[in-house]
Amino acid sequence: MNHYEQKQEARRERYQALAEKNREESNRRYEASHKLGEMIPLGQPILVGHYSERGHRSLLEKINNNMRKSIELDKKADYYENRANNISNNISSDDPNAIEKLKVKLAKLEDKQRDMKEHNAEARANKTEQPFAGYQLTNNNAVIRSVKLRIKQLEQKKEMVINEDIVGEWGRLHENKEENRIQFLFDSIPSEEIRSELKHRGFRWSPTNKAWQRGLDNHSRYLAKDLITKL
């Protein structure tokens, strides 16, 4: 794995662990609700005015609270599982191998488009098979165009001239190609005014990298160099 893939895999594992934790707690709450329900005889109504009324109502409340919490935790587990699956399935522009992965994806999409067309031709000729709907070919072709555009944009970005770090009394401006970020590395905490300027230009503080940063592209380069004139 490259550095980006290692980071993404660590994120995926964290989300998967959170999903499993919430699923286990959801099951525990469900079992607790079920066991509490067994304490009430089947069909037993609340005996209003009877000494058992208070305990009966309290027991029903505990059953409902556990069941409600079980449903909430199950939804959280689904949320974290979806986040984990999205990390596995999506191809981010931050991935150094994004172009190669997109080309593999493109080849599969083009194969799929060709197979659907061939299937439809046979279905029309033989009238024995159900053809693919027109929207299926249209949608797949739209994805093909989108992937081709992303590849073109990333290849153009890869060919751009990368400048050396710009160094000043305030620190340095660094292009972190591994992280796909342009970063301000200050020698000391910048003033409130400078922090406001950074935020206004879309730069955000990264505790991990100890830098003010945003995605690396020509626009972010322009914004960064413009800000340097104010430092």
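Readers should treat all values here as calculations from the given coordinates under stated rules, not as data from a laboratory. Keep in mind that this is a model prediction, so the values were computed, not measured. Cβ atoms come from the backbone with ideal geometry, glycine included; neighbour counts cover every protein chain shown.
Numbers at a glance
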| read-out | value |
| --- | --- |
| Per-residue Cβ neighbour rank within 10 angstrom, fewest leading, Val48, Val167 | Val48, Val167 |
| Within a Gaussian network of the chain (alpha carbon springs, distance under 10 Å), most fluctuating of Arg57, Arg195, Arg114 | Arg57 |
| GNM top mover of Lys76, Lys35, Lys148 - the chain, alpha-carbon springs below 10 Å | Lys35 |
| In sequence order, calculated HN-Hα J values of the stretch 142-158 (Karplus, 6.51, -1.76, 1.60; Hz; x Gly/Pro) | 5, 5, 4, 4, 5, 5, 4, 5, 4, 4, 4, 5, 5, 5, 5, 5, 5 |
| Angle in degrees between helix 218-228 and the longest Cα principal axis of the chain, rounded to the nearest 10 | 80 |
| Asp217 long-range amide H proximity, modeled H, under 5 Å | none |
| The stretch 82-231: relative contact order in percent, alpha carbon pairs under 8 Å with at least 6 residues between | 15 |
| 0 to 90° range, to nearest 10: angle between helix 53-89 axis and the chain longest Cα axis | 30 |
| The stretch 166-228, relative contact order in percent, only Cα pairs under 8 angstrom and at least six apart counted | 30 |
| Acute angle (nearest 10 degrees) that the helix 98-126 long axis makes with the longest principal axis of the chain, alpha-carbon atoms | 70 |
| Cβ-defined net charge surrounding Glu81, 14 Å radius [Lys, Arg +1; Asp, Glu -1] | +3 |
